[in-house]
Structure formats: C-alpha cells, structure tokens
Amino acid sequence: MIGQGTEASLLVDIVFWVLAVSAIVSAFAVVQIRDLFRAALFLIMTLLSIAGLFILLRAEFLAAVQVLIYVGAISVLIIFAILMTGDVEEGSPSHSMKIPVAILSTLFGALAIFVSVSTDWNLLETAIAAGQVSGDAVTGVYSNTIPVIASMLIRDFVLAFEVASVLLLAAVIGALALIREG
Amino acid sequence: MGLENFLIISAILFSIGFYGALSNRNAITVLMSIEIMFNAVNLTAVALSRYVVPEALAKAGPNAGADAAQFLLTGQVFAIFIITVAAAEIALGLAIVIAVYRTRQSVFVTDATQMRN
C-alpha cells in the first residue's frame, strides 16, 4: 500500500480476507434466509464489513458515513418496515424464476471478474515508481482526505451537491405523502 | 490485497444482490438486495480511485500540484453521492411497501397488481 510500511502488510492482508469473506457470506445469507429479521441483521454485518474495507482503502470519512447512514439509519428503517408489515415468520419465499436468475447473475459476475482481471489498469504504484506521478502529492492527499473531499464537493461537484439536497427534500416530502393516512 | 481483489469482491457482491433482487418475492428483501448492489458499486468506485491514476493527474505529470492531486479522491466523492441517492431510494421504497401493505395486506411484489390491465 502507498504510504505504509511493508511490515504491516501480512496483518492488513489477514484483515482484508476476513472482511471480504464476512461481507460475501453475510450478503449471501441476506438473500437466502427466509426469516426477514435475521436477513436484516446479516445486511448490517455486510455493511459493517464494507465499512472496514473502506478503511483499508484509506477512505476513513466514507467508512464513517457508511456506519452513520447505512448501519445507523437505513438498517433501522428496514427493521421498522419489517416489524410494521408483520408476517416475519412467513419470510421471503422465492418464485419460479429462481434458477434462470441464478444462472444469469453467475454469468454476470463471471463477466465482471473477467473484465476486471484482464484489463490493463494504469496503476498508481507503478506510475509513482516510474516517476510519472509524484508520490509526495499522493501521500499529501491521503494524509488528510476530508478537506480535499470538502473542497471537491463545493467547487468541482457543486451542481450535483445542490441537486442531492433537492433530491433528499423531494424524498422526504414524497415519503410523507405516501405514508399519510387517507 | 490489490485492485483486482477488491473488484472481484465487488463483482461477487453485485451478483448476489442481483440474484436476491430478482429471485425473492418479498419487497423488503428486494430492497435489501438493492442496498447490497449499491454497496458493491461504492466499493468499486473507491477501489478504482485508490489504485488507478486519474486522468487529470496523468496529464499534469510528475510536478502536479494540489489541483490535480485532488482528483485522486473523485471515487470517494462519487460514493458519497451514491449513498445520498441510496438513502432517498430506500426511504421512498419502504414508504411504497407500507402503502401497498395497507391496501393489499401483503408485502409480496407479485401481489401488487393494481396497475395491471
């Protein structure tokens, strides 16, 4: 990893594989378990593992946002909806299209894996080693990411930033209008 | 641990979410599967921005300043927008699920047939 000593790499690798396996196994449990409440708990496990992977990718701010919004807000919303709609024990039966969908998603996953392995990526590490990109600039950005993200949100992506706030307002009003009695 | 590992994990997570969204009848499970797919896309965006040289930085060359180096974090900014959209989507989706449950007493996507014919 850039900006880290090699002595930590074995520990980082172990953490990476633990997080990866827990994310994939819990995601599989979410779609397979019939009990909705347990599926929601496994969804929280997946989201937490992905937050850990974000930390390994040096995206600490995003990991915090992930825990706050996904684990804190969205999971609670999903569990509320499960409890309000009842039928928890009836669970989530699958329909007759299960096997074609399984084949289709396996094919899609295989295609995505093939593309990501066979593409010749312009990697940051090799570019720094070749002297095409200054390593100091990269470590400078990754030493403190939050001011850089903030300035990008306000300057380069200001239109998307404003549209996102309007979208959230529209979502709040729309959800209230849908839920309202009568 | 490299770029390929993260991309393979994202691909597997996306396929699992895709399978869950299309094979389950319960609308809440479908929404949870869509959340897994959103997370897989987020992981891809962040991993690519971590390991791949951005176009602006490659053009600026070895003496790039902070203006070009900030594009290293484009993937993280994209992920923030995706999380925002996912939050709006899940709020509206669950509102629709509860509205359908009120009229049909069911959360199965196969029972929401009001707009058929």
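Ranking of A:Arg38, A:Arg58, B:Arg116 by neighbouring Cβ atoms within 10 Å, starting from the fewest: B:Arg116, A:Arg38, A:Arg58. In the elastic network of chain A, a GNM with C-alpha springs shorter than 10 Å, the most mobile of A:Met152, A:Met97, A:Met84 is A:Met97.
Relative to the longest principal axis of the Cα atoms of chain A, helix A:75-85 runs at roughly 10 degrees.
Where only DSSP H runs of four or more residues are counted, chain B gives -25000 deg cm²/dmol as its mean residue ellipticity at 222 nm, each run worth -39500 (n - 2.57). With a 10 Å cut-off between alpha carbons and a GNM built on chain B, which of B:Leu31, B:Leu13, B:Leu22 moves the most? The residue with the greatest mean-square fluctuation here is B:Leu22. Counting Cβ atoms of other protein chains within 10 Å of each residue's Cβ and taking the mean over peptide B:92-101 gives 6. A helix-only calculation puts chain A at -23000 deg cm²/dmol for mean residue ellipticity at 222 nm, using -39500 (n - 2.57) for each DSSP H run of at least four residues, averaged over all residues. For B:Val52, the amide hydrogen comes within under 5 Å of the amide hydrogens of A:Leu124, counting only partners 5 or more places away or on other chains and with H modelled in the peptide plane.
Neighbour counting of Cβ atoms within 10 Å sorts the residues B:Thr29, A:Thr139, fewest neighbours leading, into A:Thr139, B:Thr29.
Averaged over the residues of peptide B:102-115, the number of Cβ atoms from other protein chains lying within 10 Å of each residue's Cβ is 2. Counts of other chain beta carbons within 10 angstrom of each beta carbon in peptide A:167-176 average 4.
GNM on chain B, alpha-carbon springs under 10 angstrom: the most fluctuating residue among B:Ala88, B:Ala64, B:Ala27 is B:Ala64.
Read-outs throughout are calculated quantities, based only on the coordinates presented, and are distinct from any laboratory measurement. Predicted model only: the values in this text are computed from it and were never measured. Quick reminder, even Gly has a Cβ in these numbers, built from the backbone with ideal geometry, and neighbours come from all protein chains shown.
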